[in-house]
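The values are calculated or read from the model by the stated rules, or taken from the named source; none is laboratory data. If you're wondering where the values come from, they're calculated on a predicted model, not measured in any experiment. Because the Cβ atoms are built from the backbone with ideal geometry, glycine has one as well, and the counts that use them run over all protein chains shown.
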Amino acid sequence: MQNLVRSIALAAILSAGAVSGAFAQGKELLTKSGCLACHAADKKLVGPSYIDVANKYRSVKGAEDKLTAHVLNGGGGVWGPIAMPPHKHISEADIRSMVRFILATK
Ligand code: HEC
């Protein structure tokens, strides 16, 4: 019983650490990848705000894959006539982690 309690507590600590780690990494990557030149968390700049993106896709199945591909390849027509440039110089894994961060924006 004692062990069970201990492992539940440990699991809670580990998952909390993972969440805040992903959060910090997401923000750092967005900053160093230049995304924040065109996007802000809560207002439209050149591109949509990340809150608007999260609200649009939060419950959409496959959104993570679709958005990762859109950021990687660039393109427009979803939010307006302005296209996002491709980001082929950034690894797909990094883009996916930024997309997860964006989808978690509230
Ligand atoms: C030069 C400006 C610019 C930069 C830099 C930029 N974006 Fe965008 N982004 C846009 C525009 C414009 C749109 C809207 C495109 C559309 O309407 O289809 C957009 C759309 C998006 C969307 C929503 C796509 C969809 O299918 O709904 C995501 C997610 C996104 N950007 C993430 C990023 C990330 C992550 C980065 C950094 C790696 C980034 N953007 C860098 C301009 C930019």
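Brief remarks on what is shown
- Qualifying residue in the range 54-73 (condition: in contact with a His (Cβ under 7 Å, 6 or more places away or on another chain), touching a residue at least 24 places away in the same chain (Cβ under 8 Å), closer than 21 Å to Glu92 by Cβ and among the aromatic types (Phe, Trp, Tyr)): no
- Tally, over the range 51-79, of residues that are at pLDDT 95 or above and part of a loop (DSSP other than H, G, I, E, B): 8
- Scope the range 5-30; condition at pLDDT below 95 and either near the ligand (Cβ under 10 Å from one of its atoms) or farther than 21 Å from Lys106 by Cα (or both); matching residues: Val5, Arg6, Ser7, Ile8, Ala9, Leu10, Ala11, Ala12, Ile13, Leu14, Gly26, Leu29
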